[in-house]
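Participant: Sharing a structure, written as structure tokens. Questions coming.
The values are calculated or read from the model by the stated rules, or taken from the named source; none is laboratory data. The shown structure was predicted, so the numbers you read here are calculated from the model rather than taken from an experiment. Because the Cβ atoms are built from the backbone with ideal geometry, glycine has one as well, and the counts that use them run over all protein chains shown. Note: areas computed on protein heavy atoms with side chains; ligands, DNA, RNA excluded. Shrake-Rupley method; radii C 1.70, N 1.55, O 1.52, S 1.80 Å.
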Amino acid sequence: MTHQSTMILLEPERVTVTTTNEDGIKTVKNTNIENIQRIFMKEQAMETELLPSQWGVVKYYRKNHYEGYVMTTPPATRKITLDLRSNHIPAELTIPVPPLVWIFEIFKNAQGEKTLTHSMIFTIKHELLSLKDKVLHAPYPNIGVNHGICWGRGNTPSVPTAKSLQNVPARFFSQPFNFDLSVNRVKLFNHVNPDTSTAEQTDSAIYHMIKLAKEFEEAKNEGKEYSYPFETLKEAGTMDVERAIRNTLPGIFS
């Protein structure tokens, strides 16, 4: 059994806190002198759940040949393409994107080569405040409910450095979306079938994105503030961020 330990490295621009638990799992956090001073002044424990940064890499794990990263991205708009070959569906959309949690597991072989072994996205309603924050399913196709992001054959992002992970969200949204793995992502809603002009219930992420793109464009044209409709998203059961991390990082937690 590995002894628990905490190592603090003081540098001019930052403070790095590395903790190792009894299972040998290392967690690395970056902060600064001001935050450390506030912790001592409040008589709080040195161990904190999250890195101080609001967005970006908020959690890092390492065990044996595996590394795990938890990254958050803020609300944004993304221009996406749809590869559906339908006259009724636009080829491009600008969609509103809610705050997202991205979880990556990386395996490093004996030659030092790194491979992305697991990746998953979840939605959160605001910046990540605690590992106990509840998560919602990300409302996009190409994400298996249990099996992570489907990158397609030969399209899995390479990860020569940890910094490369910062580009993965852009890579995900730049790939054309289709109907693959598009169901069971959002709550049922009414969608007007353009072929029959009749309303039908669907939980398709494709039609959900089209609906949100239209609502976003209407709000912008009317000069109104747009609020993301979290009530349309499907809850991931009672799953919180901590459970989502453990499910996505089997090399770390199994």
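Participant: Give the range of the longest stretch in the chain that excludes all GluC sites (Glu not before Pro) found in loop regions by DSSP and having at most 10 other beta-carbon atoms within 10 Å.
Facilitator: On the way: sites that count: Glu13, Glu22, Glu43, Glu222, Glu225.
Result, exposed sites excluded: 44-221.
Participant: If you don't mind, another one. Over 24 Å between Cα atoms, which of Lys79/Lys108; Lys59/Lys224; Lys59/Lys125; Lys29/Lys79 qualify? Spell out each step's value before the answer.
Facilitator: Working: Lys79/Lys108 33 Å; Lys59/Lys224 36 Å; Lys59/Lys125 18 Å; Lys29/Lys79 33 Å.
Correct reply: Lys79/Lys108; Lys59/Lys224; Lys29/Lys79.
Participant: Let me ask something additional. Assuming a ≥ b ≥ c are the square roots of the Cα gyration tensor eigenvalues, decide whether segment 46-185 counts as rounded (a/c under 1.5), prolate (otherwise, with a/b larger than b/c) or oblate. Working shown, then result.
Facilitator: Details: a/c = 2.12, a/b = 1.36, b/c = 1.56.
Oblate shape, in that a/c is at least 1.5 and b/c is the bigger or equal ratio.
Participant: In nm, what is the difference between 0.36 nm times the number of residues separating Glu235 and Gln201 and their Cα-Cα distance? Walk me through the numbers before you get to the answer.
Facilitator: Working: separation 34, 0.36 × 34 = 12.24 nm, distance 1.82 nm.
Gain on extension, Glu235 to Gln201, equals 10.4 nm.
Participant: If r is the Cβ-Cβ distance from Met7 to Glu217 and R0 is 41 Å, what FRET efficiency results, to the nearest 0.05? Don't skip to the end; give the middle numbers.
Facilitator: Details: r = 51 Å, r/R0 = 1.24.
Calculated value: 0.20.
Participant: While we're on this one: Scan segment 146-252 for trypsin sites (Lys or Arg not before Pro) in coil per DSSP, keeping those whose Cβ has at most 11 other Cβ atoms within 10 Å, and list them by number. Please list the in-between numbers first.
Facilitator: Values: sites: Arg153, Lys163, Arg171, Arg185, Lys187, Lys211, Lys214, Lys220, Lys224, Lys234, Arg243, Arg246; in loops: Arg153, Arg185, Lys187, Lys224, Lys234.
Passing sites in segment 146-252 are Arg153, Lys224.
Participant: Using the Kyte-Doolittle scale, find the helices of the chain whose mean hydropathy is at least -1.0 and whose Cα atoms extend 15 Å or more along the helix's long axis, counting only whole DSSP H runs.
Facilitator: Details: long enough: 205-221 (24 Å, -0.43).
Membrane-span-like by this criterion, though nothing is claimed about a membrane: 205-221.
Participant: Express in nm, to one decimal, how much length is gained between Asn178 and Asn155 on full extension, taking 0.36 nm for each residue of separation and deducting their alpha carbon distance.
Facilitator: The span from Asn178 to Asn155 would gain 6.8 nm if fully extended.
Participant: Please work out which option in (1) 1.07; (2) 1.02; (3) 1.04 gives Rg/Rh (Cα atoms, Kirkwood Rh) calculated from these coordinates, and answer with its label.
Facilitator: (2)
Participant: Please calculate how many Å² of accessible area segment 110-160 carries per residue, with a 1.4 Å probe and no DNA, RNA or ligand atoms counted.
Facilitator: Details: 2630 Å² over 51 residues.
Accessible area per residue: 52 Å².
Participant: Starting from the Cα-Cα distance between Arg78 and Asn190, subtract it from 0.36 nm times their residue separation and give me the gain in nm to one decimal.
Facilitator: On the way: separation 112, 0.36 × 112 = 40.32 nm, distance 2.38 nm.
Once the chain is fully extended between Arg78 and Asn190, it gains 37.9 nm.
Participant: What shape does segment 96-156 have by the C-alpha gyration tensor, where a ≥ b ≥ c are the square roots of the eigenvalues, rounded means a/c under 1.5, and otherwise prolate means a/b greater than b/c and oblate the rest?
Facilitator: Judged from the Cα gyration tensor, segment 96-156 comes out oblate (a/c at least 1.5, b/c at or above a/b).
Participant: Taking a ≥ b ≥ c as the square roots of the eigenvalues of the Cα gyration tensor of segment 137-254, is the shape rounded (a/c under 1.5), prolate (a/b larger than b/c) or oblate? Can you show the working numbers first?
Facilitator: Values: a/c = 1.81, a/b = 1.65, b/c = 1.09.
Prolate, since a/c reaches 1.5 and a/b exceeds b/c.
Participant: At a Förster distance of 25 Å, what's the computed FRET efficiency of Ala170 paired with Ile89, Cβ-Cβ distance as r, to 0.05?
Facilitator: Values: r = 23 Å, r/R0 = 0.92.
Result of the calculation: an efficiency of 0.65.
Participant: For the chain, modelled as a GNM with alpha-carbon contacts under 10 angstrom, which of Val57, Val15, Val183 fluctuates the most?
Facilitator: Comparing Val57, Val15, Val183 in a Gaussian network model of the chain, the most mobile one is Val15.
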